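Right, one structure below, let's go through it.
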Amino acid sequence: RLTREEKTVYFKFDKYDLTGATKTRLDTVVNALRRSKDVERVDIVGYADEIGTESYNQRLSAKRANAVASYLESRGIHYAEVTDVRALGELAASPRCKDVTSRTRRIACLAPDRRVEVEVVYADDN
(Lines give C-alpha, C1' and ligand atoms only; values in the text may rest on other atoms or scores of the structure.)
Protein backbone atom coordinates (compact mmCIF):
# COMPACT_ATOMS: atom_id res chain seq x y z
CA ARG A 1 0.00 0.00 0.00
CA LEU A 2 1.12 3.48 -0.81
CA THR A 3 1.70 6.17 1.79
CA ARG A 4 -0.45 9.29 1.90
CA GLU A 5 2.39 11.30 0.34
CA GLU A 6 2.76 8.79 -2.51
CA LYS A 7 -0.96 9.26 -3.28
CA THR A 8 -0.79 13.08 -3.23
CA VAL A 9 -0.06 15.29 -6.22
CA TYR A 10 0.70 18.99 -6.06
CA PHE A 11 -0.18 21.85 -8.37
CA LYS A 12 1.39 25.16 -9.24
CA PHE A 13 -0.27 28.33 -8.06
CA ASP A 14 -3.61 28.95 -9.81
CA LYS A 15 -3.17 25.84 -12.01
CA TYR A 16 -4.97 22.55 -12.42
CA ASP A 17 -3.07 20.99 -15.33
CA LEU A 18 -1.16 17.76 -14.82
CA THR A 19 2.60 18.05 -15.27
CA GLY A 20 4.95 15.25 -16.23
CA ALA A 21 5.91 14.79 -12.57
CA THR A 22 2.25 14.66 -11.58
CA LYS A 23 1.53 12.01 -14.19
CA THR A 24 4.53 9.97 -13.06
CA ARG A 25 3.24 10.05 -9.48
CA LEU A 26 -0.26 9.10 -10.64
CA ASP A 27 1.15 6.23 -12.71
CA THR A 28 2.63 4.85 -9.48
CA VAL A 29 -0.84 5.04 -7.94
CA VAL A 30 -2.35 3.34 -11.01
CA ASN A 31 0.15 0.47 -10.80
CA ALA A 32 -0.52 0.00 -7.08
CA LEU A 33 -4.28 -0.05 -7.68
CA ARG A 34 -3.91 -2.60 -10.46
CA ARG A 35 -1.89 -4.90 -8.17
CA SER A 36 -4.35 -4.65 -5.30
CA LYS A 37 -7.25 -7.07 -5.25
CA ASP A 38 -9.09 -5.56 -2.30
CA VAL A 39 -9.73 -1.96 -3.38
CA GLU A 40 -13.28 -1.09 -2.49
CA ARG A 41 -13.33 2.57 -3.42
CA VAL A 42 -11.10 5.38 -4.63
CA ASP A 43 -11.90 8.90 -3.46
CA ILE A 44 -10.24 11.87 -5.11
CA VAL A 45 -10.12 15.02 -3.01
CA GLY A 46 -8.99 18.39 -4.36
CA TYR A 47 -7.69 21.30 -2.32
CA ALA A 48 -6.67 24.91 -2.88
CA ASP A 49 -4.71 27.41 -0.86
CA GLU A 50 -6.40 30.38 0.81
CA ILE A 51 -5.41 32.97 -1.80
CA GLY A 52 -8.47 33.99 -3.80
CA THR A 53 -12.17 33.94 -3.04
CA GLU A 54 -13.80 30.94 -1.44
CA SER A 55 -15.93 30.28 -4.54
CA TYR A 56 -12.94 30.56 -6.87
CA ASN A 57 -10.93 28.14 -4.72
CA GLN A 58 -13.84 25.73 -4.64
CA ARG A 59 -13.95 25.69 -8.46
CA LEU A 60 -10.17 25.41 -8.73
CA SER A 61 -9.99 22.47 -6.34
CA ALA A 62 -12.81 20.79 -8.29
CA LYS A 63 -10.88 21.23 -11.54
CA ARG A 64 -7.81 19.70 -9.91
CA ALA A 65 -9.77 16.73 -8.57
CA ASN A 66 -11.49 16.18 -11.92
CA ALA A 67 -8.16 16.36 -13.78
CA VAL A 68 -6.79 13.58 -11.55
CA ALA A 69 -9.98 11.52 -11.86
CA SER A 70 -9.90 11.82 -15.66
CA TYR A 71 -6.24 10.81 -15.77
CA LEU A 72 -6.83 7.74 -13.59
CA GLU A 73 -9.77 6.76 -15.76
CA SER A 74 -7.67 7.22 -18.92
CA ARG A 75 -5.16 4.76 -17.42
CA GLY A 76 -7.85 2.13 -16.85
CA ILE A 77 -8.83 2.81 -13.27
CA HIS A 78 -12.63 2.58 -13.32
CA TYR A 79 -14.27 2.80 -9.96
CA ALA A 80 -16.83 5.25 -11.32
CA GLU A 81 -19.77 3.71 -9.53
CA VAL A 82 -18.11 4.05 -6.14
CA THR A 83 -15.59 6.84 -6.62
CA ASP A 84 -16.20 10.09 -4.84
CA VAL A 85 -14.61 13.18 -6.36
CA ARG A 86 -14.69 16.01 -3.84
CA ALA A 87 -13.42 19.56 -3.86
CA LEU A 88 -12.74 21.10 -0.48
CA GLY A 89 -11.37 24.38 -1.78
CA GLU A 90 -9.55 26.24 0.94
CA LEU A 91 -11.48 24.58 3.80
CA ALA A 92 -8.46 22.48 4.78
CA ALA A 93 -5.88 25.20 4.23
CA SER A 94 -3.10 25.29 6.78
CA PRO A 95 -2.75 28.33 9.02
CA ARG A 96 1.07 28.05 8.99
CA CYS A 97 1.54 31.01 6.61
CA LYS A 98 -0.60 33.62 8.39
CA ASP A 99 2.40 35.82 9.25
CA VAL A 100 3.96 35.71 5.77
CA THR A 101 3.16 39.05 4.16
CA SER A 102 5.17 38.96 0.92
CA ARG A 103 2.91 37.61 -1.85
CA THR A 104 5.74 35.62 -3.45
CA ARG A 105 6.74 34.05 -0.13
CA ARG A 106 3.11 33.41 0.79
CA ILE A 107 2.49 31.58 -2.50
CA ALA A 108 5.58 29.45 -1.83
CA CYS A 109 4.58 28.82 1.79
CA LEU A 110 1.09 27.67 0.79
CA ALA A 111 2.32 25.20 -1.86
CA PRO A 112 1.38 22.10 0.22
CA ASP A 113 -2.27 23.24 0.21
CA ARG A 114 -2.48 23.09 -3.61
CA ARG A 115 -2.99 19.36 -3.95
CA VAL A 116 -5.16 16.40 -4.76
CA GLU A 117 -5.17 13.35 -2.53
CA VAL A 118 -6.12 9.94 -3.88
CA GLU A 119 -7.73 8.14 -0.96
CA VAL A 120 -7.93 4.38 -1.35
CA VAL A 121 -10.44 2.45 0.73
CA TYR A 122 -9.66 -1.25 1.03
CA ALA A 123 -12.19 -3.96 1.83
CA ASP A 124 -10.42 -4.80 5.08
CA ASP A 125 -10.53 -1.15 6.26
CA ASN A 126 -14.18 -1.54 7.31
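I'd like to verify a number: residues in region 4-50 that are among the polar types (S, T, N, Q) and over 23 Å from C109 (Cβ atoms), how many?
4
Of these, V82, V42, which one is at pLDDT below 90, of a type in the set (V, I, T) and surrounded by fewer than 19 Cβ atoms within 10 Å (Cβ to Cβ)?
V82 is the lone residue from the list that is at pLDDT below 90, of a type in the set (V, I, T) and surrounded by fewer than 19 Cβ atoms within 10 Å (Cβ to Cβ).
Let's see how each residue does on (1) within 27 Å of D99 (Cα to Cα); (2) open to solvent by less than 10 Å² (accessible area, probe 1.4 Å); (3) without any contact (Cβ under 8 Å) to a residue 40 or more places away in the chain; (4) within 14 Å of the chain's Cα centre (by Cα):
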| position | (1), (2), (3), (4) |
| --- | --- |
| T19 | no, no, yes, yes |
| G46 | yes, yes, no, yes |
| D49 | yes, yes, no, yes |
| T53 | yes, no, yes, no |
| Y56 | yes, no, yes, no |
| R59 | yes, no, yes, yes |
| A65 | no, yes, no, yes |
| V68 | no, yes, no, yes |
| I77 | no, no, no, no |
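Among residues belonging to region 112-123 that are in contact with an Asp or Glu (Cβ under 8 Å, 6 or more places away or on another chain) and open to solvent by 30 Å² or more (accessible area, probe 1.4 Å), point out the one that is modelled with the highest pLDDT.
For region 112-123, the residue satisfying everything is E119.
Might you check whether a residue that is in contact with a helix residue (DSSP H, G or I) (Cβ under 8 Å, 6 or more places away or on another chain), surrounded by 17 or more Cβ atoms within 10 Å (Cβ to Cβ) and assigned to a helix (DSSP H, G or I) occurs anywhere in region 96-105?
Yes, region 96-105 contains a residue that is in contact with a helix residue (DSSP H, G or I) (Cβ under 8 Å, 6 or more places away or on another chain), surrounded by 17 or more Cβ atoms within 10 Å (Cβ to Cβ) and assigned to a helix (DSSP H, G or I).
The values are calculated or read from the model by the stated rules, or taken from the named source; none is laboratory data. Quantities reported herein were computed from a predicted structural model and do not represent experimental measurements. Reconstructed Cβ throughout: ideal geometry from the backbone, glycine too, with neighbour counts over all protein chains shown. When the accessible area is computed, the model is the full protein with side chains, heavy atoms only, and any ligands, DNA or RNA have been set aside. Shrake-Rupley method; radii C 1.70, N 1.55, O 1.52, S 1.80 Å.
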